[in-house]
Amino acid sequence: NQIVNVSFGCAQLSNFSYTNIINTPTFKEYECKLTTGNLAPGVYYVNITATDNGVPSQQTNYSVAIKVNNQTTGIKKEDKSSAINLYPNPTNGFIYIKHNFNIASKPVLSLVNVIGETVSTIQLTNSEQGIDISDLPKGVYFATVTSKEGKSKSLKVVNK
């Protein structure tokens, strides 16, 4: 029957924020964010303190170390110029391949089986094209579209 208050602290307080996302009588969950964009490389600490309202009051402290490197990290944005879609997947022998490659770049579709053998190579002449693969054995293949400039994109396809 106690209430617990939680507080967060960070030396770079302007770069640190938190949101309480679950708050029940027996459980609290927080989402924390430390923006490192303008921080110098080094180790930064987020201090967490939980204090109950019991008599006598009890307190738990926890510190999380965050190492900031001088390298840029993150998720690479997908290059839309080499995006491909393949459907239906799985297929019963006929697929449609849709891509964003320039047709002038002469994109080629290669189908490779799971042991690395190229089983089919097809010059793509449209940005959306139907391909008959019914002559291929049932199994998993890797469909890769490659332009003459060397851009490529691969997807897995299942021929059932």
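Taking region 1-38, which residues are loosely packed, with under 14 Cβ neighbours inside 10 Å and either within 18 Å of ASN69 (Cα to Cα) or touching a helix residue (DSSP H, G or I) at 6+ places or on another chain (Cβ under 6 Å) (or both)? Outline the logic, then answer.
Filtering region 1-38 for residues loosely packed, with under 14 Cβ neighbours inside 10 Å gives 1-3, 5, 7, 9, 11, 13-14, 17, 19-27, 29-31, 33, 35, 37-38.
Of everything in region 1-38, those that are loosely packed, with under 14 Cβ neighbours inside 10 Å and either within 18 Å of ASN69 (Cα to Cα) or touching a helix residue (DSSP H, G or I) at 6+ places or on another chain (Cβ under 6 Å) (or both) turn out to be ALA11, LYS33, THR35, GLY37, ASN38.
What number of residues within region 29-55 are without any contact (Cβ under 8 Å) to a residue 24 or more places away in the chain, in a strand (DSSP E or B) and farther than 17 Å from GLY9 by Cβ?
The initial filter retains those residues of region 29-55 that are without any contact (Cβ under 8 Å) to a residue 24 or more places away in the chain, namely 29, 31, 33, 35, 37-38, 55.
Of the ones still in play, those that are also in a strand (DSSP E or B) are 29, 31, 33.
Remaining after also requiring farther than 17 Å from GLY9 by Cβ: 29.
So the answer is 1.
Given (1) open to solvent by 60 Å² or more (accessible area, probe 1.4 Å); (2) modelled with pLDDT under 90; (3) not aliphatic (A, V, I, L, M), where does ASN92 come up short, assuming only one miss?
Of everything listed in (1) open to solvent by 60 Å² or more (accessible area, probe 1.4 Å); (2) modelled with pLDDT under 90; (3) not aliphatic (A, V, I, L, M), ASN92 misses just condition (2).
SER7 versus (1) more than 30 Å from LYS153 (Cα to Cα); (2) within 29 Å of the chain's Cα centre (by Cα); (3) at pLDDT 80 or above: which is the lone unmet condition?
Result: SER7 passes all but (2).
Of everything in region 39-56 that's within 20 Å of SER7 (Cβ to Cβ) and open to solvent by less than 70 Å² (accessible area, probe 1.4 Å), which residue is farthest from the chain's Cα centre (by Cα)?
GLY54
Could you grab the pairs with beta carbons closer than 8 Å, sequence gap of 6+ or different chains, first residue in region 131-158 and more than 13 Å from THR91 (Cα to Cα) and touching a residue at least 24 places away in the same chain (Cβ under 8 Å), second one part of a loop (DSSP other than H, G, I, E, B) and among the aromatic types (Phe, Trp, Tyr)?
From residues that are more than 13 Å from THR91 (Cα to Cα) and touching a residue at least 24 places away in the same chain (Cβ under 8 Å), the pairs are VAL145/PHE101; SER147/PHE101; LYS151/PHE101.
Would you pick out the residues in region 95-109 that are in contact (Cβ under 8 Å) with a residue 12 or more places away in the chain and open to solvent by 30 Å² or more (accessible area, probe 1.4 Å)?
TYR96, LYS98, ASN100, ASN102, ILE103, LYS106, VAL108
Of everything in region 80-136, what is touching a Phe, Trp or Tyr at 6+ places or on another chain (Cβ under 8 Å), part of a loop (DSSP other than H, G, I, E, B) and farther than 21 Å from LYS160 by Cβ? Give them in sequence order.
Of everything in region 80-136, those that are touching a Phe, Trp or Tyr at 6+ places or on another chain (Cβ under 8 Å), part of a loop (DSSP other than H, G, I, E, B) and farther than 21 Å from LYS160 by Cβ turn out to be PRO107, LEU124, SER127.
Could you identify the single residue in SER152, SER134, SER110, SER127 that is more than 30 Å from ASN38 (Cβ to Cβ) and modelled with pLDDT under 85?
Working: SER134 fails: modelled with pLDDT under 85; SER110 fails: modelled with pLDDT under 85; SER127 fails: modelled with pLDDT under 85.
Result: SER152 is the single residue among SER152, SER134, SER110, SER127 that is more than 30 Å from ASN38 (Cβ to Cβ) and modelled with pLDDT under 85.
The values are calculated or read from the model by the stated rules, or taken from the named source; none is laboratory data. All figures in this text were calculated on a predicted structure; none of them were measured in a lab. Virtual Cβ from ideal backbone geometry, glycine too; neighbours counted across all protein chains shown. Heavy atoms of the whole protein, side chains included, go into the accessibility calculation; ligands, DNA and RNA do not. Shrake-Rupley method; radii C 1.70, N 1.55, O 1.52, S 1.80 Å.
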